[in-house]
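Asker: Please read through the structure below; I'll follow up with questions.
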Amino acid sequence: LAFNYQNERLRENVEGLAEGIPGSKCYQCDAGSDEEIKKLMDQFAADYGKLDFLVHSIAYAPREELTGSFVDTSREGFRTALEVSAYSLVAFSKAALPLMKDGGSIITLTYLGAERVVPNYNVMGVAKAALEASVRYLANDLGPANIRVNSISAGPIRTLAARGVSGITNMVAHHREVAPLRRATEQGEVGDTALFLVSDLSRGITGEVIYVDGGYHILGTLASMD
């Protein structure tokens, strides 16, 4: 396994994660730079030769865009959210394509806010909608090369990134109360699904959104999360 981190500020966390995995390597790469993405893939190719799967777990919007009303979204905040959270999947997929010599699997992470209004999720919901559409277009483009592209839509989890969304604690509590399984989504559940999607067990699945949210997405009228 290989991991990447955006900058020195995040390096220690990622290297700590990789320490317990024999043979793993860590690389620096800012997903907002095509030059850095190319450099990452060149380094990976030199170290590993080929790529079997790619996990795209990147999303960002300025904190001020994740509170209040969506109508107040700034032009720059909109651009940043779409570029980092959605376009980066396209950029990484293009760069990874030459290394997926024997086919492969690409997965990304999305959220229900792509299709339903979630308070304070705002422009990130629009970015996730673009991400899900990108999954379908990429699945069609890359299918002839035996490369599958799918997304996981997880329930709210208090990750480092999610803490930037105003009210995340209330979202997790609400999910626990009303989801059919009556519990919060666990990181391990998302990891298990990712493992399935990068393995040959899912070889007939592409272009899909796989929900790992305890069934929350099947509900009709949802109580307010304020």
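Asker: On a full-extension model of 0.36 nm per residue, what is the gain between Glu76 and Leu1, subtracting their alpha-carbon distance, rounded to one decimal in nm?
Answerer: Stretched fully, the Glu76-Leu1 segment lengthens by 23.5 nm.
Asker: From the backbone phi of region 60-71, what are the Karplus-calculated ³J(HN,Hα) couplings (6.51 cos²θ - 1.76 cosθ + 1.60, θ = phi - 60°) in whole Hz, Gly and Pro given as x?
Answerer: With the stated coefficients, region 60-71 comes to 7, 9, x, 3, 5, 7, 9, 7, x, 9, 4, 4 Hz.
Asker: I'd like the orientation of helix 34-48 relative to the chain: the angle between its Cα long axis and the longest Cα principal axis, in ° from 0 to 90, rounded to 10.
Answerer: Orientation of helix 34-48: about 50 degrees from the principal axis.
Asker: Further, regarding this structure: For the chain, set up a GNM with springs between Cα atoms under 10 Å and report which of Ala86, Ala46, Ala31 has the largest fluctuation.
Answerer: Most flexible of the set in this elastic network: Ala46.
Asker: Kindly provide the Kirkwood hydrodynamic radius of the chain in Å, to one decimal, from all pairs of distinct alpha carbon atoms.
Answerer: On the way: mean 1/r = 0.0546 Å⁻¹.
Kirkwood radius, the chain: 18.3 Å.
Asker: Could you please tell me the mean projected area of the C-alpha convex hull for region 1-108, averaged over all directions and given in square nanometres to one decimal?
Answerer: 7.8
Asker: Given the options Thr67, Gly215, Leu54, identify the residue whose Cα lies farthest towards the positive end of the charge dipole of the chain (+1 on Cβ of Lys, Arg; -1 on Cβ of Asp, Glu).
Answerer: With unit charges placed on the Cβ atoms, the residue in question is Gly215.
Asker: Under a 5 Å amide H to amide H cut-off, with H placed in plane at 1.01 Å, what residues pair with Gln28 once short-range neighbours are removed?
Answerer: Correct list: Tyr5.
Asker: Show the residues, 5+ positions off or on another chain, whose built amide H is closer than 5 Å to the amide H of Val149.
Answerer: Here Ile106, Gly207 satisfy the definition.
Asker: Charges only on Cβ, +1 for Lys and Arg, -1 for Asp and Glu: so what's the dipole of the chain about the Cα centre, in debye to the nearest 20?
Answerer: Dipole magnitude for the chain comes out near 260 debye.
Asker: Next question, about the same structure. From the Cα gyration tensor of region 1-41, with a ≥ b ≥ c the square roots of its eigenvalues, which class applies: rounded if a/c is under 1.5, or else prolate if a/b is larger than b/c, or else oblate? It would help to have the intermediate numbers written out before the result.
Answerer: On the way: a/c = 3.94, a/b = 1.60, b/c = 2.47.
In terms of gyration-tensor shape, oblate.
Asker: If we count every other residue with Cβ under 12 angstrom of Lys50's Cβ, Lys/Arg +1 and Asp/Glu -1, where does the sum land? Could you put the intermediate results ahead of the total?
Answerer: Values: positive: Lys101; negative: Asp47, Asp52, Asp102.
That works out to -2.
Asker: Let me ask something else. Averaged per residue, what accessible surface does the chain expose to a 1.4 Å probe, in Å²? Before the final figure, lay out the partial values.
Answerer: On the way: 12280 Å² over 226 residues.
Here the per-residue accessible area is 54 Å².
Asker: Among the lysines, which fall within straight-line cross-link reach of Lys38, defined as a Cα-Cα distance under 18 Å, with same-chain neighbours fewer than 8 residues apart omitted?
Answerer: Lys25, Lys50, Lys94, Lys101
Asker: Now for a different question. Let me check against my output: what whole-number percent is the relative contact order of the chain, with C-alpha pairs under 8 Å and at least 6 apart?
Answerer: On the way: 374 pairs, mean separation 39.3, N = 226.
Relative contact order here is 17 percent.
Asker: Can you show me the helix-derived [θ] at 222 nm for the chain, built from DSSP H runs with n ≥ 4 at -39,500 (n - 2.57) apiece and divided by the number of residues, rounded to the nearest 500. Working shown, then result.
Answerer: On the way: 7 runs with 87 residues, N = 226.
Per the formula, -12000 deg cm²/dmol.
Asker: Additional query: Figure the gain on full extension for Thr67 and Glu36 (residue separation times 0.36 nm, minus the Cα-Cα span) and round it to one decimal in nm.
Answerer: Values: separation 31, 0.36 × 31 = 11.16 nm, distance 3.11 nm.
That pair, Thr67 and Glu36, stretches by 8.1 nm at full extension.
The values are calculated or read from the model by the stated rules, or taken from the named source; none is laboratory data. None of these values were measured; they are calculated from a predicted model. Virtual Cβ from ideal backbone geometry, glycine too; neighbours counted across all protein chains shown. Note: areas computed on protein heavy atoms with side chains; ligands, DNA, RNA excluded. Shrake-Rupley method; radii C 1.70, N 1.55, O 1.52, S 1.80 Å.
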